[in-house]
Amino acid sequence: MAKEILPKVRKLLTGFIQVRLMWYFLLILLPLSSYSLFVIVKSQMILEVQTGERTQGALHTMADYIDLTLQNIEQLSSLIAFDTNMNTTLQSVVQEPRKQSFVYFAQVMEQITNMTTVNLMVDQITIIHMPSRTVISTKLGGRKLPEGAEKQEWYVRLMEAGGGTVFYSPQEGESYFDKDSIHLIRTMDPYNRTLINPNLLVLSIKKSSLIELAKPLLPSKNANIYLFGSDGSPIAGTGGSVNSQVWDKKEDVRSVRRSPKTGTEMVRISVESKLSGWSLMMEQPLEEIRSLTDSLKVFNYGIVVVSLVLAIWISWIVYRGISAPLRKLAYGMKQLRTGNFTIQLEDTRVDELGYVIESFNRMAENQRTLIRDHYEKQLLLSKMELKFLQSQINPHFLYNTLDSIYWTAKNYEADEISEMVLNLSKFFRLSLNKGNETFSVADTITHLKYYIKVQQLRFLDHFTVRFDIAEESEPYHVLKLLLQPLVENAFLHGLEKQSMGGELVISTYLHSNMLVIEVSDNGVGVKNERLDYICAKLEEASRLAVEGISTDRKKENDLFGLRNVLTRMKMYYGEESEFLFESDPTKGTRITLRLPLEKCVSSLEDQVG
């Protein structure tokens, strides 16, 4: 089953441009959306941590305030417990009260009633006269302490504390103390060791009053706050049954637990007081903390859905925009393949696809033109071949004519004429060189010797020629007839004007990846003004050659040979080549060519091939 489905899926993904475009868009959009979700989850975690830290700080402040409240109540209890007049009045009453004893109790009642105005957190002050087991309360008046009170937890804890301060929170049905209050219990006149059965002082604080202090910290109506004693027992809280809450000091400061009543996840943040050891715990639904980021998450889900819809829609639009021109091009290609070269595609697009269609139309038109002109070109080619064959007759006619002149001069014993004709014939024959455009340096010098021999016969050998050819330079190639105009220039403008003692020096050598060729003479040099003119003209010719402009456009006959050599050199060897013209009226003239070796390694025909 999987083997049948996979090829179909692969064909769907790769066989349709629209599907591929949609996947390309999704590959761009989905990573961005995933990153957005990651950022939201990360910000959610940061928000939870920051909320927990702020709540924890507020709970610490509230715990300190509760500690301060408890300290004030303890100070009030110390003020009453060490009151000398009150202790004297209570100690004057014996085990069996008399009429005067009730007067004393009334005085004590008045005093403790006034004390309730000192601290508004104190709900009730009670004094238990243990010898007579009389209970004096600011709210309940006077009554008798029930039997067996000494066995109850509050009394046992008080005795274990040595008469010190004990906070007691009665549970349901444990004692006759008000279960809605927390009670501070201590002995009266604690430093009096003569008392066998000391009197007791009880300060009662409403649990609701303590929890009201912490209610402003609640961030919402669904949040709750609880107060626990130093032993972990619940004291007060805002959420339902307080006694159902459990406080474990080993629990993490921040934890998440599921509520047993509602089943929702609640974030619990707790702190412990450093002074009293009491603890505050706040719980808040986790969904409330995440409500802001959850809305962002829903928004991001919407972006993902919109991105998916846009990817499909845009891919369809792009596909339609591309497929229509492609279908036209496919139709045009089929027409060309069937031989319809008159096909022209209509399209008004101005974008790249419009340019492609326009190019196709031009290609079809060019193809039609090429086929139409094919026979004309074939006919023209035949005519050119005929002319080429005819042009080959002229060199043979020239060779035969020179050969006839040579033998005629021999017959008349004109040796100088015959030698001149022979060298001229060899010069022309080598110049043609079977159509080759370049010579090796060795062949160039051989070719040049024929020309120089003709000139020596003409000038009756009144100058000498010296060749200084470096052996390593001989295999390199130079353009045909590149040196002949330079040698001719030396004869006509230098050596011809000198009667005797003239010398022509031709040298070649390699230097810094360059082939250097020098043609120098000791004839009549060029004056400074003429030299400046020549250098200016040669520089102009060099610039025009580099720019690809023919110097023939200027129709100048002056310096024709030098400009011809310079132009050919720049066009073939490039801008790197150099042409140096140096002259001195008293020393002669020297022309130096510097050609890049990489252009001289092989012949022009080998490079083209």
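The values are calculated or read from the model by the stated rules, or taken from the named source; none is laboratory data. Bear in mind that the values here come from a model prediction, so they are computed numbers and not experimental data. Every residue, glycine among them, receives a Cβ derived from its backbone with ideal geometry; neighbour counts consider all protein chains shown. Please note that ligands, DNA and RNA were not included when accessible areas were found on the heavy atoms of the full protein model with its side chains. Shrake-Rupley method; radii C 1.70, N 1.55, O 1.52, S 1.80 Å.
Between Q171 and S208, what is the label-to-label distance in nm when each label sits 7 Å out along the Cα-to-Cβ direction?
In this crude spin-label approximation the distance works out to 2.4 nm.
Using mean Cβ contacts within 10 Å as the protection proxy, how do 38-51, 275-288 order, highest first?
275-288, 38-51
P(r) for segment 98-139: what percent of alpha-carbon pairs falls in each 5 Å bin, starting at zero?
5, 22, 31, 22, 12, 6, 2
Report the gain in length on full extension from E578 to V298: 0.36 nm times residue separation, minus Cα-Cα distance, nm rounded to one decimal.
Using 0.36 nm per residue and subtracting the Cα-Cα distance, I get 93.2 nm.
So, for segment 135-198, what is the accessible surface per residue at a probe of 1.4 Å, expressed in square angstrom?
For segment 135-198, the per-residue accessible area is 55 Å².
Are there trypsin sites (Lys or Arg not before Pro) in segment 52-111 that DSSP marks as loop and that have at most 14 other Cβ atoms within 10 Å, and which are they?
For trypsin sites (Lys or Arg not before Pro) across segment 52-111 that sit outside H, G, I, E and B with at most 14 neighbouring Cβ atoms in 10 Å, the list reads R98.
Measure up K42/K215; K453/K570; K139/K207; K151/K274 against 24 Å on the Cα-Cα distance and list the ones that go over.
The answer is K42/K215; K453/K570; K151/K274.
Tell me the volume per residue, in Å³, of the convex hull enclosing the alpha carbons of segment 147-239.
109
Take E437 and M500, extend 7 Å from each Cα along the Cα→Cβ direction, and tell me the distance between the two endpoints in nm.
4.7
Calculate, for E540 and I371, the FRET efficiency according to 1/(1 + (r/R0)^6) with r their C-beta to C-beta distance and R0 45 Å; round to the nearest 0.05.
Once the sixth-power term is evaluated, E becomes 0.45.
Just to be sure I understand the model, the point goes 7 Å from the Cα along the line to the Cβ. What's the resulting K42 to V306 distance in nm?
Here the answer is 2.3 nm between the modelled labels.
Hey, any idea what % of segment 123-169's accessible area is carbon plus sulfur with a 1.4 Å probe?
Carbon with sulfur: 51 percent of the solvent-accessible area.
In nm, what is the difference between 0.36 nm times the number of residues separating Y24 and Q335 and their Cα-Cα distance?
Stretched out fully, the Y24 to Q335 stretch lengthens by 108.6 nm.
Any chance you could run the full-extension gain for R98 through N85? It's 0.36 nm times the residue separation minus the Cα-Cα distance, nm to one decimal.
Between R98 and N85, full extension yields an extra 2.8 nm.
N564 to E358: FRET efficiency via 1/(1 + (r/R0)^6), r the Cβ-Cβ distance, R0 45 Å, to the nearest 0.05?
After rounding to 0.05, the efficiency reads 0.50.
E110 to H60: FRET efficiency via 1/(1 + (r/R0)^6), r the Cβ-Cβ distance, R0 35 Å, to the nearest 0.05?
0.30
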